[in-house]
Amino acid sequence: MSAVNSLVKSIKHRFDHEAAKKLLKEKYEAKLLFAMDGGMWNAGPELICVLSNYDTEEIVLVDTYGNPCRVNRENLLFSAKARYQEQLNQWEAELQSISRKR
């Protein structure tokens, strides 16, 4: 009976870890959203790549809500990179602390 209890405890603990990872992902994906230049932006690899591929000062992009916005490309790129890296660093640190508890 002890082996069964040990197995059940191990499975519950693993399930709790996966649920915590999913919760962290949702938490930090929400923190990637930010407002700038009259639009709402998701600081992710897609936005960073699009902004990096242009060389003009101002461009018109469609924001998260589907609205076209004229933006200063360099300012938006700087903000997106900073927010993305900041949130991913925090996400990774929190995930490591959860993994150590396992």
Give the residue that is surrounded by the fewest Cβ atoms within 10 Å (Cβ to Cβ), with candidates limited to residues of region 41-71 that are more than 21 Å from Y28 (Cβ to Cβ) and of a type in the set (D, E, K, R).
D55
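I need the full set of residues from region 18-32 which are assigned to a helix (DSSP H, G or I) and of a type in the set (K, R), in order please.
Within region 18-32, the subset assigned to a helix (DSSP H, G or I) is 18-30.
Of everything in region 18-32, those that are assigned to a helix (DSSP H, G or I) and of a type in the set (K, R) turn out to be K21, K22, K25, K27.
Confirm whether L33 is modelled with pLDDT of 95 or more, among the aliphatic types (A, V, I, L, M) and more than 30 Å from I98 (Cα to Cα).
Details: modelled with pLDDT of 95 or more: yes; among the aliphatic types (A, V, I, L, M): yes; more than 30 Å from I98 (Cα to Cα): no.
No.
The values are calculated or read from the model by the stated rules, or taken from the named source; none is laboratory data. If you're wondering where the values come from, they're calculated on a predicted model, not measured in any experiment. Methodologically, a virtual Cβ is constructed for each residue, glycine included, from the backbone with ideal geometry; neighbour enumeration extends over all protein chains shown.
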